[in-house]
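Novice: Please see the structure below; I have some questions.
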């Protein structure tokens with residue numbers, strides 16, 4: 001768990017926490033991208049302020065024999081990830097509804113990924129997200 005100011009980042013573990021996080025994700029995806037996201041699977045991190053969700057990121061690490069969702073959507077070089085597949089996690093639904101929390105939740109996801117033995121994280125990022133990533 002990470003905290004900064006009055007933001008708390010936690011892993012959604014209970015059914016209620018997961019449902020609340022998924023409701024936040026679905027609402028933000030509609031607001032930001034005008035789309036209904038597919039089913040959310042994976043480890044869900046949620047950032048809360050005064051017990052209200054304000055950020056999220058979902059980490060997904062399938063069976064090493066399976067491709068990551070990003071690999072199925074984009075034309076990666078053949079075998080580009082195969083050698084490190086067991087060390088890769090995909091980050092998705094990286095969303096925030098208040099300033100200065102998106103990098104905090106991403107850093108927390110990176111810390112948790114390392115604890116799980118994942119050295120690399122793939123994230124699909126828009127230009128404004130790339131600017132935030134450069135701040136790391």
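Novice: Could you grab me the full set of residues in the stretch 93-113 that are exposed (fewer than 13 other Cβ atoms within 10 Å of the Cβ) and modelled with pLDDT of 95 or more?
Specialist: So the first thing to find is which residues in the stretch 93-113 are exposed (fewer than 13 other Cβ atoms within 10 Å of the Cβ), and the list is 98-100, 111.
Scanning the stretch 93-113 gives a single hit, 111.
Novice: Filter the stretch 90-120 for residues that are touching a helix residue (DSSP H, G or I) at 6+ places or on another chain (Cβ under 7 Å), in contact (Cβ under 8 Å) with a residue 60 or more places away in the chain and over 12 Å from residue 57 (Cα atoms) and give the result.
Specialist: 97
Residue-wise test of (1) within 12 Å of the chain's Cα centre (by Cα); (2) modelled with pLDDT under 90; (3) crowded, with 18+ Cβ neighbours inside 10 Å; (4) closer than 20 Å to residue 111 by Cα.
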{"residue": "20", "(1), (2), (3), (4)": "no, no, yes, no"}
{"residue": "32", "(1), (2), (3), (4)": "no, yes, no, no"}
{"residue": "67", "(1), (2), (3), (4)": "no, yes, no, no"}
{"residue": "88", "(1), (2), (3), (4)": "no, no, yes, yes"}
{"residue": "91", "(1), (2), (3), (4)": "yes, no, yes, yes"}
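Novice: Right, something else. Report, by residue number, each residue of the stretch 34-65 that is farther than 29 Å from residue 80 by Cα, surrounded by fewer than 19 Cβ atoms within 10 Å (Cβ to Cβ) and in contact with a strand residue (DSSP E or B) (Cβ under 8 Å, 6 or more places away or on another chain).
Specialist: Residues of the stretch 34-65 farther than 29 Å from residue 80 by Cα: 34-36, 46-55.
If we keep only those that are surrounded by fewer than 19 Cβ atoms within 10 Å (Cβ to Cβ) too, we end up with 34-36, 49-52.
Within the stretch 34-65, just 49 meets the criteria.
Novice: Mind listing whichever residues of the stretch 5-17 are surrounded by 15 or more Cβ atoms within 10 Å (Cβ to Cβ) and either touching a strand residue (DSSP E or B) at 6+ places or on another chain (Cβ under 6 Å) or not in a helix (DSSP H, G or I) (or both)?
Specialist: Within the stretch 5-17, the first condition is being surrounded by 15 or more Cβ atoms within 10 Å (Cβ to Cβ), and the residues that meet it are 7-12, 17.
Selection gives 7, 8, 9, 10, 11, 12.
Novice: Name the single residue that is surrounded by the fewest Cβ atoms within 10 Å (Cβ to Cβ) among those in the stretch 69-86 being in contact with a strand residue (DSSP E or B) (Cβ under 9 Å, 6 or more places away or on another chain) and more than 19 Å from residue 126 (Cα to Cα). Before the answer, list the steps.
Specialist: Initial filter on the stretch 69-86 (in contact with a strand residue (DSSP E or B) (Cβ under 9 Å, 6 or more places away or on another chain)): 69-71, 81, 84.
Going one step further and asking which of them are more than 19 Å from residue 126 (Cα to Cα), we end up with 81, 84.
Numbers: 81: 17, 84: 11.
By that ranking, first place goes to 84.
Novice: Shifting gears a bit: Quick one: residue 37 ticks every box in (1) in contact (Cβ under 8 Å) with a residue 12 or more places away in the chain; (2) not in a loop (DSSP other than H, G, I, E, B) except a single one, so which number is it?
Specialist: Residue 37 satisfies all of (1) in contact (Cβ under 8 Å) with a residue 12 or more places away in the chain; (2) not in a loop (DSSP other than H, G, I, E, B) except (2).
The values are calculated or read from the model by the stated rules, or taken from the named source; none is laboratory data. Because the structure is predicted, anything quoted here is derived from the model rather than measured. Heads up, the Cβs are rebuilt from the backbone with ideal geometry, glycines too, and the neighbour counts pull from every protein chain shown.
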